[in-house]
Amino acid sequence: MEQVHILLHCARLSINEFFDAYDSAETVGITVFIVLSLIWLKNFLFQEESLAARINRVVFKVAKILPAVSLKIECEKKKATNDFQTNMLRLHEGRPYVTHLPKTGWSRERILEEVKSNLKLGHYKWKEGYVSGCVYNLNDELVKILTEVYGLASYTNPLHPDIFPGACKMEAEVVRMTLNLFHGSEEACGTMTSGGTESILMACKSYRDYAVEEKGIKHPEIVIPVTAHPAFDKAASYFGLRIKHVPVDPDTTTVDLKAMRRYISRNTCMIAGSAPNFPYGTIDPIEDIAALGRKYNIPVHVDSCLGGFITAFMDKAGVSHPPYDFSIPGVTSISADTHKYGFAPKGSSVIMYSEKKFLHHQYCVFPDWPGGVYGSPTVNGSRAGGIIAACWATLMYFGVEGYADATKKILQTTKYIEEGLRKMEEIFIFGKPGTSVIAIGSNVFHIYLLSEGLTKKGWNLNPLQFPCGIHLCVTYMHTADGVADKFLSDVREEIEIIMKNPKADVAGKTDHHTGLCEKQAESSLDKQHEPSSLMAMYGMAQSIPDRSVVGDFTRYFLDAMYITKGANEEVYRNGFK
């Protein structure tokens, strides 16, 4: 202790001696400069993104200034744009586009013929269960019912409850039925939305406003796992929120609770977990996350958009599991998509809250508008009453027994596929699937090679990155006889082919000067292993430190969705008269 005092005394003398040569103003200026420099250094060193990653990004940004590198990047961007547009036009199979209104209206027969022709485009056999997720059930009887229901309610709009009270009644019933499935109390409440993204947006907006108006937080932050859906990032972008991404345990692929605790601050307005997350299908420890919420008095959101209508029926399907809903003290909101495993038509989801004080902050109310007092429960003003009616009709069609039976079949099929995959030594499963998603990786070969091979057999799987992986989202379509066995058989067959050359690199070699991937001039990669543009893009994207470049490529991909011109301009201009 005495030595510490001696050291402090020596330090004080040295500091005083240093500042003897400066007057008071200079001393204050130097002190402020040193303090600000230390704060900058602390902020620079201690961020979510690692120091190495930031250094790589800065180096890449500087390198982009070099003419050779800049030219290379622009060439790659132009090539990507052309590739995306060419691939999209190929998907449309050369069919002409309608770019101007017809001079006279089309007949009913012609309209229906053209719609049917457009809906036949695409080569994936989604009706046979060859697609991951996307279409969650296909029931001819239900389609006929919903077509009729939507037609009856197609003109309704719940923005006008006095004119269309029936649409509002059905929405209220959908919300209450869903709340009861998730053990909401009488005080629990919510609204329908257009999908999981809007449900998550609404939760983030509610907690932002609650934090600002009720708790006096000026700069609200949300804390989520890195595996949480990008809808949270979209909400942060839209609503001016800061977002903190918490790492996950590499073995379980669920959120690291100790890290989540460290990320919580006085500005945290919301923490969230997934049940399950999209990439790996694993379920975050919701009870432990809710305990953090209770401890720090922070609202907790459970994103159950993907698996909500499975977790809600697990008990009735005879599957034991910990709770993921309002039965956990501290869970204040849940998002669940009726248009996924609720089997309703696309465009419907439910956002639920434990108390109305949160829901009230979701509403947008403008009492001083000259057009009258305006209030809206969600992002949209006008909403499609037909979607609400179709969702209501779907819930009534299946009932508890129907959903429980579907849940049981989906979970049994998922388990069957998981066990079959785990027997294949060349691949591994990420974590422990919680509901219906099975994520696959490999330490022996590049996993995108497997995805490529399965694509050529008609399968469509979801690519994952950081680390590379692929996943299958099991739907009711996969429970049909023979589908699961066919998938496992095709996986085994493709692995046997890949193992003839397991060291092949799906993305080609990497140019370390730019981070861009180039095709090998002379590759030993067999033609059947050549990656598609999508897999090549993913392989390349992960090697680029500056994520803004990856963002540009993504924007070009989205642009391609709206392309209406092709090589044969005359066909596109005069295809319809």
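Read-outs throughout are calculated quantities, based only on the coordinates presented, and are distinct from any laboratory measurement. Keep in mind that what you see is a predicted model, and the values were worked out from it rather than measured. FYI the Cβ positions are ideal-geometry reconstructions off the backbone, even for glycines, and counts take in every protein chain you see.
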Exactly one condition in (1) surrounded by fewer than 21 Cβ atoms within 10 Å (Cβ to Cβ); (2) outside any helix (DSSP H, G or I) is not met by Glu173; state its number.
(2)
Which condition from (1) in a loop (DSSP other than H, G, I, E, B); (2) acidic (Asp, Glu); (3) within 16 Å of Leu558 (Cβ to Cβ) is the one that Asp83 breaks?
(1)
Enumeration of residues in the range 149-165 that are more than 16 Å from Leu395 (Cβ to Cβ) and assigned to a helix (DSSP H, G or I)
Gly151, Leu152, Pro165
Name the single residue, out of those in the range 219-239 being in a loop (DSSP other than H, G, I, E, B) and in contact (Cβ under 8 Å) with a residue 12 or more places away in the chain, that is nearest to the chain's Cα centre (by Cα).
His229
Being among the small types (Gly, Ala, Ser) and part of a helix (DSSP H, G or I) is the filter here; which residues of the range 86-127 pass it?
Ser117
Only listed residue being in contact (Cβ under 8 Å) with a residue 40 or more places away in the chain, more than 30 Å from Gly441 (Cα to Cα) and either in contact with a strand residue (DSSP E or B) (Cβ under 9 Å, 6 or more places away or on another chain) or hydroxyl-bearing (Ser, Thr, Tyr) (or both), chosen from Ile328, Ile286:
Ile328
Filter the strands (runs of 3 or more DSSP E) completely within the range 413-496 down to those with at least 2 residues that are crowded, with 23+ Cβ neighbours inside 10 Å.
437-441, 469-473
Within the range 281-322, track down each residue that is closer than 27 Å to Ser194 by Cβ and of a type in the set (D, E, K, R).
Asp284, Asp303
Looking at the range 309-324, is at least one residue touching a strand residue (DSSP E or B) at 6+ places or on another chain (Cβ under 9 Å) and in a helix (DSSP H, G or I)?
yes
Take the residues in the range 240-277 that are polar (S, T, N, Q) and part of a strand (DSSP E or B), then tell me which one is surrounded by the fewest Cβ atoms within 10 Å (Cβ to Cβ).
Thr268
If you go through the range 184-199 one residue at a time, do you hit one that is hydrophobic (A, V, I, L, M, F, W, C), part of a helix (DSSP H, G or I) and touching a residue at least 60 places away in the same chain (Cβ under 8 Å)?
no
